[in-house]
Amino acid sequence: MDHQTYSDAWLRGILQSVQTIALTGASPNPQRPSFAVMGFLLSRGYRVIPVNPGQAGKTIHGQPVMASLADIAEPIDMIDVFRASEYVDAVVDEALSLPVRPKVIWTQLGVYDERAAAKAEAAGMAVVMNRCPAIEYPRLIGGEAHR
């Protein structure tokens with residue numbers, strides 16, 4: 001798949017079909033983009049599970065932080081990757097080891113790994129790279145963008 005261009009209908013379909021999102025690289029720091037995006041996604045009705053080994057056992061936006069994807073006790077529809085590009089492959093490998101694989105791997109702005117994307121797609125997952133759901137949601141579905 002071409003990971004430079006996505007149809008609006010395809011992105012809208014993803015945003016309308018997922019319910020549970022694991023947000024890897026979640027930060028409790030209000031100045032970090034992951035904090036704002038997590039708050040935005042929660043405000044739109046998504047179940048968002050923060051994942052950050054350094055924050056495990058704490059909460060972000062009132063949600064308990066998990067150390068890893070494997071620690072999440074429910075199926076995940078989408079993994080939102082707020083990690084540097086060099087970590088995407090490891091996130092995909094962790095997703096592939098889950099008992100129920102997520103439907104979508106979504107990487108944030110500036111996060112791109114074509115090899116990891118190919119591996120995820122070969123396993124049946126959709127991949128969106130270098131996009132932010134908190135930007136795409138208001139553009140495609142409506143409502144205010146996150147601040």
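Bear in mind these aren't lab numbers, they're just calculated from the coordinates by the rules spelled out. Because the structure is predicted, anything quoted here is derived from the model rather than measured. Glycine gets a Cβ as well: all are built from the backbone with ideal geometry, and neighbour counts include every protein chain shown.
Here are some notes:
- DSSP beta bridge pairing in the stretch 8-140, given as percent antiparallel to the nearest 5: 10
- Think of the stretch 8-140 as a dipole: +1 on every Lys or Arg Cβ, -1 on every Asp or Glu Cβ, centred on the Cα centre; then among LEU140, ALA26, ILE79, LEU140 lies furthest on the positive end.
- For the stretch 38-104: relative contact order, % (alpha-carbon pairs under 8 angstrom, 6 or more apart): 24
- Working note: Karplus 6.51/-1.76/1.60 with θ = phi - 60° gives the stretch 73-84 the couplings 8, 9, x, 10, 7, 8, 10, 9, 9, 9, 10, 5 Hz, where Gly and Pro are set to x.
- Long-range tail of P(r) for the chain (Cα pairs > 29 Å, %): 8
- Around the Cα centre of the stretch 2-147, unit charges on the Cβ atoms of Lys, Arg, Asp and Glu (plus for the first two, minus for the last two) sum to a dipole of about 420 debye.
- Spin-label proximity, LYS103 to the stretch 1-42 - amide N less than 18 Å from point 7 Å beyond Cα toward beta carbon: 7-23, 41-42
- A dipole drawn for the chain from +1 and -1 charges on Cβ atoms has a positive end, and of SER97, TYR6, GLY62 the residue lying farthest that way is GLY62.
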